[in-house]
Amino acid sequence: MINNMKENECCGCTACINICPVKCLGEYSNELGFSYPIMNNKEDCIECKLCEKVCPTLKEIKTKSEPINSLCSYAKNNDIKSASTSGGIFTLLASKILDEGGYVYGAALINPTLVKHIEVNSSEELWKLQGSKYIESKLEDIFLVVKDRLQEGKKVLFSGVPCQIYGLLSFLGKDYDNLICIDLLCYGVPSPKVWSKYLNFINKENKNIKYVNFRDKTYGWKNYSLKVVFEDGSQYLKEKNKDLFLSTYSKGGYIKSYCYRCKMKGFPKKSDITLGDFWEVDRVDSDFNDDKGMSAVFINSAKGQNLYNEIINETNYLEITAERLDEISPRIGAPSKLHKNRDIIIKEIDNMPIDVILKKYAMPTRVDKVKNIIRISLRKIGVWDGLNKILEDKKARRNINEK
Ligand SMILES: Cc1cc2nc3c(=O)[nH]c(=O)nc-3n(C[C@H](O)[C@H](O)[C@H](O)COP(=O)(O)OP(=O)(O)OC[C@H]3O[C@@H](n4cnc5c(N)ncnc54)[C@H](O)[C@@H]3O)c2cc1C
Ligand code: SF4
Ligand code: SF4
Ligand code: SF4
């Protein structure tokens with residue numbers, strides 16, 4: 001039975017909890033608010049080992065292969081694009097499934113500190129799934145709901161981070177023609193507890209929050225911001241490099257411990273389509289970039305290609321060859337960086353105010369600033385990406401060995 005998995009061996013996909021025939025596994029939140037399975041009723045366990053068989057992190061995962069098609073793309077509809085994180089491709093794909101009477105699953109902000117996977121079956125509700133939410137999305141029993149819909153013969157689109165797709169497919173244990181899976185390029189999911197504390201810091205007066213946007217485009221898609229709008233009309237709006245939460249996240253400050261060794265985010269994919277931000281668009285064609293959102297789209301299966309063909313006329317796009325992609329974006333799917341002060345940040349989380357912790361341990365030092373200048377200079381002369389890949393791979397191997 002799966003009882004003694006270490007946290008850095010578990011992505012929290014819930015496949016084991018949902019497969020257990022006698023429901024003896026439950027869920028607990030660790031000190032950072034991440035979810036993990038826990039044995040609730042050991043006496044009920046029938047030692048069937050199904051929980052181990054479905055666990056994606058216990059299976060071998062191959063990481064070297066290419067998608068069958070790669071594109072740089074965005075929705076022609078500006079409203080869709082501005083309400084989305086990247087180019088709005090998720091909304092176009094999901095709308096097609098809803099138009100055909102299908103069901104769409106994805107991450108919704110239930111309240112300012114809780115993200116959960118929900119079912120949507122009307123286009124009026126699709127906005128709930130739009131946009132990246134930078135905390136772990138709780139899956140609860142959503143795999144059971146998806147299985148029921150599939151068995152009813154309904155079309156289903158399930159979206160989420162790659163480990164959630166691995167978990168679902170492993171839980172289902174067989175192919176369904178009526179299921180399409182969309183995953184994301186994934187840096188890792190930030191801690192719900194850190195976010196909750198950070199929101200309290202932003203909202204010292206405890207005002208009612210109207211909405212939160214982790215990827216607001218007021219200052220552009222590339223220079224995105226954290227935006228929190230309050231019921232009284234006031235707002236918090238800070239660019240990614242000035243906001244402590246976003247800037248520490250991008251440096252690997254408080255993502256889930258499995259994220260640092262995750263192989264599920266690399267190619268080949270289990271999903272039919274993978275979506276991300278095409279940050280390197282200017283290296284492909286700067287005239288194509290209006291800085292309002294650009295999606296990286298990877299078609300991984302024939303099923304994915306068929307669905308994508310249905311929306312292609314609603315997009316503007318450039319096709320990217322595998323060689324070009326490797327040249328301009330060699331780090332896709334590579335392990336996430338481990339922040340050098342991650343352990344201290346976590347240790348201090350309940351002892352110090354969050355802004356003090358992040359300012360003290362996560363802000364760039366003078367040495368970091370010099371390194372940054374060197375990095376920018378190397379990037380300008382075109383040698384940074386290759387060099388960085390070698391350094392990061394070496395560091396990731398060291399981290400895995402140390403953990
Ligand atoms: C935690 C996280 C990390 C990411 N890391 C990267 C990265 O390193 N590089 C990169 O290029 N792109 C990354 N992305 C993907 C990117 O931000 C966009 O989500 C993606 O490009 C789709 O954009 P869109 O405009 O097509 O659709 P959008 O409408 O912006 O995206 C909606 C989709 O995001 C899913 N989603 C939102 N929040 C979560 C969540 N917390 N957990 C699971 N699914 C969620 C929804 O289910 C839905 O499928 C990340 C996204 C998330 C949520
Ligand atoms: S071994 Fe079987 S019964 Fe025991 S926890 Fe795992 S799935 Fe449940
Ligand atoms: S099945 Fe998923 S949740 Fe369960 S132990 Fe494995 S990775 Fe963790
Ligand atoms: S990095 Fe891997 S384990 Fe972490 S959220 Fe992304 S897919 Fe899941």
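The values are calculated or read from the model by the stated rules, or taken from the named source; none is laboratory data. Bear in mind that the values here come from a model prediction, so they are computed numbers and not experimental data. Positions of Cβ are backbone-derived with ideal geometry, glycine not excepted, and every protein chain shown enters the neighbour counts. When the accessible area is computed, the model is the full protein with side chains, heavy atoms only, and any ligands, DNA or RNA have been set aside. Shrake-Rupley method; radii C 1.70, N 1.55, O 1.52, S 1.80 Å.
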Checklist entry - What accessible area per residue, rounded to a whole number of Å², is obtained for the chain using a probe radius of 1.4 Å? => result 48
Next on the checklist: What number results when the radius of gyration of the chain, computed over Cα atoms, is divided by 2.2 N^0.38 Å?
Outcome noted: 0.97
Next on the checklist: Could you give each residue of region 101-113 its phi-based ³J(HN,Hα) in whole Hz, using Karplus coefficients 6.51, -1.76, 1.60 with θ = phi - 60°, and x for Gly or Pro?
Outcome noted: x, x, 10, 10, 10, x, 8, 10, 7, 6, 8, x, 10
Item to check | Extreme residue, positive dipole direction of region 261-348, given options 267, 335, 322 (C-beta unit charges) | outcome: 335
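For region 2-58, what ratio Rg/Rh do Cα atoms give with a Kirkwood hydrodynamic radius?
Radius of gyration relative to Kirkwood radius: 0.93.
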Checklist outcome for this item: With no solvent term and unit scatterers on the alpha-carbon positions of region 232-287, Debye gives log₁₀ I(q)/I(0) at q = 0.21 Å⁻¹ of -1.05
Checklist entry - Whose amide H sits under 5 Å from the amide H of residue 320, counting only residues 5 or more places off or on another chain, with H placed in the peptide plane? => result 70, 71, 72
Checklist entry - Once the other residues with Cβ under 10 Å from the Cβ of residue 247 are scored (Lys, Arg +1; Asp, Glu -1), what is the net sum? => result +2
Checklist entry - When ranked by the protection proxy of mean other Cβ atoms within 10 Å per residue, highest first, what sequence do the peptides 281-290, 52-61, 131-140 form? => result 131-140, 52-61, 281-290
Checklist outcome for this item: Mean Cβ-within-10 Å packing, highest first, puts peptides 306-312, 199-205, 378-384 in the order 306-312, 199-205, 378-384
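Summing Lys, Arg as +1 and Asp, Glu as -1, what charge do residues with Cβ under 13 Å from the Cβ of residue 350 carry, residue 350 excluded? Spell out each step's value before the answer.
Working: positive: 193, 197, 347; negative: 31, 348.
Here the charged neighbours net out to +1.
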Item to check | Convex hull volume of region 287-349 per residue (C-alpha atoms, cubic angstrom) | outcome: 198
Checklist entry - By how many nm would the segment from residue 39 to residue 394 grow when fully extended, if each residue of separation counts as 0.36 nm and the alpha-carbon distance is taken off? => result 124.2 nm
Checklist entry - Which net charge results when you count Lys and Arg as +1 and Asp and Glu as -1 among the other residues whose beta-carbon is under 10 Å from that of residue 183? => result +2
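Report, for the chain, the % of DSSP beta bridges that are antiparallel, rounded to 5.
Bridges in the chain that DSSP calls antiparallel: roughly 75 percent.
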Item to check | Percent carbon-and-sulfur accessible area, region 105-179, ignoring ligands, DNA and RNA, probe 1.4 Å | outcome: 45
Checklist entry - Hey, which aspartates and glutamates would be in cross-link range of residue 23, C-alpha to C-alpha under 14 Å, not counting anything within fewer than 8 residues on its own chain? => result 43, 44, 47, 140, 141
Item to check | Assigned charges on the beta-carbon of Lys, Arg, Asp, Glu; the chain dipole about Cα centre (debye) | outcome: 1680
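Ignoring ligands, DNA and RNA, please state the percent of accessible area on region 250-378 from carbon and sulfur, probe 1.4 Å.
Here it works out to 51 percent.
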Item to check | Per-residue HN-Hα couplings for region 244-251 [Karplus 6.51, -1.76, 1.60; θ = phi - 60°; Hz; x = Gly/Pro] | outcome: 5, 5, 5, 5, 6, 4, 5, 9
Checklist entry - Rounded to the nearest 10 Å², what accessible area does residue 99 show when all protein chains are kept and the probe is 1.4 Å? => result 110
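Cβ neighbours within 10 Å, averaged per peptide: list 187-193, 350-356 in order, most packed at the top.
Details: 187-193: 23.0, 350-356: 13.1.
Those peptides, ordered most packed to least, come out 187-193, 350-356.
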